[in-house]
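Contents: one structure, followed by commentary.
The values are calculated or read from the model by the stated rules, or taken from the named source; none is laboratory data. Computed from a prediction, not measured in an experiment: that's the story for all the values here. No Cβ is skipped: glycine too gets one built from the backbone with ideal geometry, and neighbour counts run over all protein chains shown. In case anyone asks, the SASA skips ligands and DNA or RNA and just uses the protein heavy atoms, side chains included. Shrake-Rupley method; radii C 1.70, N 1.55, O 1.52, S 1.80 Å.
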Amino acid sequence: LVTTSRRTGDAATQILMQALPEDAFFHRWQPEGDNPYASMLGAADAIVVTGESMSMLSEACALGKPVFFFVPEGGVSAKHARFHETLLSSGHARRLEADSHLAWQPSAPPDEAGRVAAAILARLR
């Protein structure tokens, strides 16, 4: 299952389409119409996300499934790099490498809402 996002350029889209086997499900993101992204995340056993999308990385990690990310050629911003290091050090994601084992299991999904709620309650006491 593969989908592009609103930031995926035409060149990357073409490369993805050509690299996939014929029986792969490929969705090209469009601003209008159905978007199977949430269903794809739910159906996935493991998820590969581009490292330049903090939203997609966060959504994938929240599911508690193995999440792998790759950094596109040219790198990412310093803010993105710090986020990657946080995900790596907390055990929520791994870099996608040629020898990545998709059976890897991440640590428990992040509970940012719970963390924020606990901080607010602590300040109210």
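Some values worked out for this structure:
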| item | result |
| --- | --- |
| Gain upon complete extension [VAL71, ASP23; 0.36 nm per residue less C-alpha separation] | 14.6 nm |
| ³J(HN,Hα), Karplus 6.51/-1.76/1.60, whole Hz, each residue of the range 91-105, x for Gly, Pro | x, 8, 8, 9, 6, 7, 10, 4, 9, 4, 9, 5, 7, 4, 10 |
| Placed amide H near PHE68: partners under 5 Å, 5+ positions off or other chain | ILE47, VAL48, VAL49, ARG94 |
| Residue order for GLU85, GLU32 - accessible surface, 1.4 angstrom probe, largest first | GLU32, GLU85 |
| Tail beyond 20 Å, pair distance distribution of the chain (Cα, percent) | 51 percent |
| Computed magnitude of the charge dipole of the chain (debye, nearest 20; Cβ of K, R +1, Cβ of D, E -1) | 720 debye |
| Karplus-derived HN-Hα couplings along the range 37-48 (A = 6.51, B = -1.76, C = 1.60, θ = phi - 60°), whole Hz, x at Gly and Pro | 3, 4, 5, 5, 4, x, 7, 6, 8, 8, 10, 10 |
| Coil-residue trypsin sites (Lys or Arg not before Pro) of the range 21-96, DSSP, other Cβ within 10 Å capped at 10 | none |
| Positive-end residue, the chain charge dipole about Cα centroid, Cβ charges, pick of PRO66, ALA12, HIS80 | HIS80 |
| Three-way shape label, the range 53-95, alpha-carbon gyration tensor, a/c 1.5 | prolate |
| ALA12/ALA118 FRET efficiency (R0 41 Å; Cβ-Cβ; nearest 0.05) | 0.55 |
| Solvent-accessible area per residue for the chain (1.4 angstrom probe, square angstrom) | 69 Å² |
| The chain - percent of accessible surface contributed by carbon and sulfur, probe 1.4 Å | 55 percent |
